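The values are calculated or read from the model by the stated rules, or taken from the named source; none is laboratory data. The structure presented is a predicted model; accordingly, all values stated were derived computationally and were not measured. In this analysis, Cβ positions are derived from the backbone assuming ideal geometry, glycine residues included, and neighbour counts consider all displayed protein chains.
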């Protein structure tokens, strides 16, 4: 009986967590209709393999790429790399993006012992520098942790977890991409969903304008 009660309680807890998830993160950034959202781990080999496909899709489809930190605790240097990436974001968002791409490209050459030296080399090559204390107040680590917690709230349990998200109300606003080779076709699908809603929005707006002229 106790086992059955415990099982029911666990199920209710899982259902509560699922309904309480903050799905607002699975929306395009302001001004965009469609976007790629990825939860990634900088030490994850699968993330490294997916990176060129994601970047190519971002460029060819002309959609924003929204990255979220999801460092797996078992990985030895990932969390530190995510903090470094957050530091470069403070220098410029473009430099933070370039660092993440650089880490994925050089992942096999990086380890816990040489991460700092490798990152110093990256900074020098990009006419920047890494301070002795990158995150003295812990604010950057807090941002990484917040992203990780968001991923857990959304049910992310592996990396990379990739979504194509759209500014739609009458259809599915996010589609998880489990096969990265299907990323472009999924973006096209979402663009079609966005376009299908556009006439309805235009008609509604036109009707509203006519009513105000009376």
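Screening 170, 111, 106 for residues that are loosely packed, with under 14 Cβ neighbours inside 10 Å, in contact with a helix residue (DSSP H, G or I) (Cβ under 8 Å, 6 or more places away or on another chain) and within 24 Å of residue 89 (Cα to Cα) leaves exactly one candidate, 106. Quick one: in region 119-141, which of the residues that are in contact with a helix residue (DSSP H, G or I) (Cβ under 7 Å, 6 or more places away or on another chain) and assigned to a helix (DSSP H, G or I) is nearest to residue 79 (Cα to Cα)? Here the answer is 141.
Applying the criterion of being outside any loop (DSSP other than H, G, I, E, B) and touching a residue at least 60 places away in the same chain (Cβ under 8 Å) to the residues of region 67-99, the residue that is nearest to residue 174 (Cα to Cα) is 68.
Scanning region 52-81 for residues that are under 15 Å from the mean Cα position of the chain (by Cα) and closer than 20 Å to residue 29 by Cβ turns up 54, 55, 57, 58, 63, 64, 65, 66, 67, 68, 69, 70. Would you point out the residue of region 165-212, among those that are over 21 Å from residue 32 (Cβ atoms) and at pLDDT 95 or above, that is nearest to the chain's Cα centre (by Cα)? It comes out as 178. Annotation for region 135-153: no member residue is more than 23 Å from residue 86 (Cβ to Cβ), modelled with pLDDT of 95 or more, surrounded by 19 or more Cβ atoms within 10 Å (Cβ to Cβ) and in contact with a strand residue (DSSP E or B) (Cβ under 9 Å, 6 or more places away or on another chain).
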